[in-house]
């Protein structure tokens with residue numbers, strides 16, 4: 001399976017968002033990764049609904065929307081209506097995770113569960129067959145440009161064993177600090193979706209950077 005690259009729009013140039021959206025459209029990237037933060041679940045606030053609507057109007061690739069918010073059930077329908085193709089909620093934010101996942105799936109979009117760096121992958125055993133994606137945070141959520149947490153490699157390997165044992169096709173997505181120094185090791189460990197923000201948008205040639213990640217260079 002080819003690696004999926006999802007540039008994180010959190011690191012894009014907000015003063016010229018259209019330009020960065022067009023860059024992703026024309027690049028080898030597969031998805032747009034969009035972090036939604038509420039200032040409560042994480043200590044930052046990011047995109048509102050009008051901005052995501054604008055991104056959707058101009059994007060030619062799927063929107064991978066990652067809800068870093070409390071009580072995500074209140075907003076599932078809204079984010080799907082404005083264009084989510086993949087909708088991910090945090091394990092730590094859901095009191096009734098299975099019910100939340102079933103609600104997402106009822107709208108016909110792909111469902112994901114994110115886990116923070118301190119959360120063990122074993123908490124996903126009972127939900128792994130019901131979801132399409134696990135978003136493994138490799139930094140503490142809330143801000144772009146953080147350093148990659150090296151223990152993520154072992155967590156990916158442990159999650160890969162669970163996925164194989166349960167005979168499911170769930171995607172393993174890595175979000176945070178992904179770059180050309182760790183991407184190959186992450187893929188070799190079992191990851192198949194890489195979210196890259198600062199590494200892509202701060203590079204001299206973002207399209208080439210995306211291509212290199214895609215080719216696992």
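The values are calculated or read from the model by the stated rules, or taken from the named source; none is laboratory data. The structure presented is a predicted model; accordingly, all values stated were derived computationally and were not measured. Heads up, the Cβs are rebuilt from the backbone with ideal geometry, glycines too, and the neighbour counts pull from every protein chain shown.
I need the full set of residues from the range 59-72 which are in a helix (DSSP H, G or I) and surrounded by fewer than 17 Cβ atoms within 10 Å (Cβ to Cβ), in order please. Answer for the range 59-72, where residues must be in a helix (DSSP H, G or I) and surrounded by fewer than 17 Cβ atoms within 10 Å (Cβ to Cβ): there is none.
One line per residue, one yes/no per condition, for (1) within 14 Å of the chain's Cα centre (by Cα); (2) at positive phi; (3) assigned to a helix (DSSP H, G or I):
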{"site": "140", "(1), (2), (3)": "yes, no, no"}
{"site": "148", "(1), (2), (3)": "no, no, no"}
{"site": "153", "(1), (2), (3)": "no, no, yes"}
{"site": "158", "(1), (2), (3)": "no, no, yes"}
{"site": "163", "(1), (2), (3)": "no, no, yes"}
{"site": "184", "(1), (2), (3)": "no, no, yes"}
{"site": "188", "(1), (2), (3)": "no, no, yes"}
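Considering only the range 27-34, I want to know if a residue exists there that is assigned to a helix (DSSP H, G or I) and in contact with a strand residue (DSSP E or B) (Cβ under 9 Å, 6 or more places away or on another chain). Give the steps one after another, and end with the answer.
Restricting attention to the range 27-34, the residues satisfying the condition of being assigned to a helix (DSSP H, G or I) are none.
No, the range 27-34 has no match at all.
Looking across the range 89-118, the residues that are in a helix (DSSP H, G or I) and more than 15 Å from the chain's Cα centre (by Cα) come down to 92, 93, 97, 98, 99, 100, 101, 102, 103, 104, 105, 106.
Residue-by-condition table, conditions (1) in a strand (DSSP E or B); (2) closer than 25 Å to residue 140 by Cα; (3) more than 18 Å from the chain's Cα centre (by Cα); (4) at pLDDT 95 or above:
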| position | (1), (2), (3), (4) |
| --- | --- |
| 5 | yes, yes, no, yes |
| 10 | no, yes, no, no |
| 16 | no, no, yes, no |
| 19 | no, no, yes, yes |
| 25 | no, no, no, yes |
| 40 | no, yes, yes, no |
| 77 | no, no, yes, yes |
| 83 | no, no, no, yes |
| 87 | yes, yes, no, yes |
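Whether any residue in the range 50-58 is in a loop (DSSP other than H, G, I, E, B), in contact (Cβ under 8 Å) with a residue 24 or more places away in the chain and crowded, with 18+ Cβ neighbours inside 10 Å is what I want to check.
Filtering the range 50-58 for residues in a loop (DSSP other than H, G, I, E, B) gives none.
No - not one qualifying residue is present in the range 50-58.
So, of the residues in the range 165-176 that are outside any helix (DSSP H, G or I) and out of contact with any strand residue (DSSP E or B) (no Cβ under 9 Å at 6 or more places or on another chain), which turns out to be surrounded by the fewest Cβ atoms within 10 Å (Cβ to Cβ)? Walk me through how you get there before you give the answer.
Initial filter on the range 165-176 (outside any helix (DSSP H, G or I)): 166-176.
If we keep only those that are out of contact with any strand residue (DSSP E or B) (no Cβ under 9 Å at 6 or more places or on another chain) as well, we get 166-169.
Working: 166: 13, 167: 7, 168: 14, 169: 9.
Checked the range 165-176; the qualifying residue surrounded by the fewest Cβ atoms within 10 Å (Cβ to Cβ) is 167.
Taken over the range 193-215, residues that are more than 18 Å from the chain's Cα centre (by Cα) and either under 11 Å from residue 178 (Cα atoms) or surrounded by fewer than 16 Cβ atoms within 10 Å (Cβ to Cβ) (or both) amount to 7.
All conditions but one from (1) surrounded by fewer than 20 Cβ atoms within 10 Å (Cβ to Cβ); (2) closer than 28 Å to residue 169 by Cα; (3) touching a residue at least 24 places away in the same chain (Cβ under 8 Å) apply to residue 113; the one that does not is (1).
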